[in-house]
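Undergrad: Quick one: this structure, given as structure tokens, is what I'll be asking you about.
Please treat every number below as a calculation from the coordinates, not as lab data. Computed from a predicted model, the values in this text were never measured in an experiment. Here the Cβ positions follow ideal geometry from the backbone for every residue, glycine too, while neighbour counts run over all protein chains shown.
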Number of protein chains: 2
Amino acid sequence: MEREPRQLYEARAKVAKALAHPSRLLMLDALAEKEMCVCDLTDLVGADQSTVSKHLAVLKNAGIVADRKEGVMIYYRLKVGCLRGFWNCIEGVLKQNLKEQQAVMNNL
Amino acid sequence: MEREPRQLYEARAKVAKALAHPSRLLMLDALAEKEMCVCDLTDLVGADQSTVSKHLAVLKNAGIVADRKEGVMIYYRLKVGCLRGFWNCIEGVLKQNLKEQQAVMNNL
DNA sequence: CAATTCTATGGCATAATTGCCATATAGGCA
DNA sequence: TGCCTATATGGCAATTATGCCATAGAATTG
């Protein structure tokens, strides 16, 4: 039962950190449908363009998205297909937690 | 194409934040095999016991682990089954990224 | 009860993240 | 060339995360 090297967990943590922000998760959800330029994503998120640009840099650096230049605009696209299923599973668990908590409240 | 409410992304971000630390990921990997007490996890991680306790509180608060008291000891167990598959997928993507980067380096 | 062990919490210093402003860079167009 | 648009980056202040120490609480044992 060898534990895997610390390096692996730092790599994973980098990905998890990139996911750990509501605006970035919102953008990823949008990018799951189609690629979008920074201007589109800026409208979507409703933050300063420089802020969105930095968020995208985080996602790109983590390997979660890729970009493509077309004229002046830069289009970002999702590179990872595991997110939808992952969040479905997580949300299932959290919903179950809620039910259990409510059951406790009701003295079940 | 309604976007889901901001609340959802904050809930997801909370889970992602809980995952965003190498020590916590190491513990989760260990807990995937069997439940462990705080003392076991403290040995595993090699940090101060109070630090490990706080990490566990983060995981518990995010709904990722649950605990059980037995005498003086508190056993933590994994509550979420999606992690193994998620990291497999992520690591597959990252490995692919590496290959592509190397190909670029070799002027393919 | 006293002593010991296991775990959680408060407090604090350090480090990392976040978001905006200002500015730089680059492409498109007159 | 000059101007406009789209994007990225530097810098800074405010917030949040991290980790250790000291300590508190709870169960066990003598």
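Undergrad: Sticking with the crude label model, points 7 Å out along Cα→Cβ, report the distance from B:Glu35 to A:Arg77 in nm, one decimal please.
TA: 4.7
Undergrad: Other chains near B:87-98: what is the mean number of their Cβ atoms within 10 Å of each residue's Cβ?
TA: Mean partner-chain Cβ count within 10 Å for B:87-98: 5.
Undergrad: Across chain A, how many lysine pairs separated by 8 or more positions, or lying on different chains, have Cα atoms within less than 27 Å?
TA: Number of lysine pairs found: 21.
Undergrad: Mind checking the mean number of beta-carbon atoms from other chains within 10 Å of the Cβ atoms in B:64-73? Before the final figure, lay out each step's value.
TA: Details: counts 4, 0, 2, 0, 0, 0, 0, 0, 0, 0.
Taking all residues of B:64-73 together, the mean is 1.
Undergrad: Oh, and also: With +1 on each Lys and Arg Cβ and -1 on each Asp and Glu Cβ, and nothing else charged, work out how big the dipole of the range B:16-62 is about its Cα centre, in Debye to the nearest 20. Mind dumping the intermediate values first?
TA: Working: 5 positive and 6 negative charges, 59 e Å.
Dipole about the Cα centre, nearest 20: 280 debye.
Undergrad: For the protein assembly as shown, what does -39500 (n - 2.57) per DSSP helix run (n ≥ 4), summed and divided by total residues, give at 222 nm, in deg cm²/dmol to the nearest 500? Write out the running numbers ahead of the final one.
TA: Values: 10 runs with 136 residues, N = 216.
Value at 222 nm, helices only: -20000 deg cm²/dmol.
Undergrad: Take the Cα coordinates of the range B:6-80, assign each an equal point scatterer, and use the Debye formula without solvent to give log10 I(q)/I(0) at q = 0.14, 0.24 Å⁻¹.
TA: For the requested q values the scattering log ratios are -0.41, -1.09.
Undergrad: Taking θ = phi - 60°, what integer Hz values does the Karplus form 6.51 cos²θ - 1.76 cosθ + 1.60 yield along the range B:74-91, in sequence order, with x for Gly and Pro?
TA: Karplus-based 3J(HN,Hα) across the range B:74-91 equals 10, 9, 9, 9, 6, 10, 10, x, 8, 6, 3, x, 4, 5, 4, 5, 4, 5 Hz.
Undergrad: Averaged across the residues of B:23-34, what count of C-beta atoms belonging to other chains lies within 10 Å of each residue's C-beta?
TA: The shielding value for this peptide is 3.
Undergrad: Pairing rule first: another cysteine's C-beta must sit under 4.7 Å. Under that rule, which cysteines of chain A stay single?
TA: A:Cys37, A:Cys39
Undergrad: Rg(Cα) of the protein assembly as shown divided by 2.2 N^0.38 Å?
TA: Numbers: Rg = 19.2 Å, N = 216, 2.2 N^0.38 = 17.0 Å.
Working it through for the protein assembly as shown, the quotient is 1.13.
Undergrad: What are the ³J(HN,Hα) values, in whole Hz, obtained from phi via the Karplus relation 6.51 cos²θ - 1.76 cosθ + 1.60 with θ = phi - 60°, for each residue of the range A:20-27 in sequence order, with x given for Gly and Pro?
TA: 8, 8, x, 5, 5, 5, 4, 5
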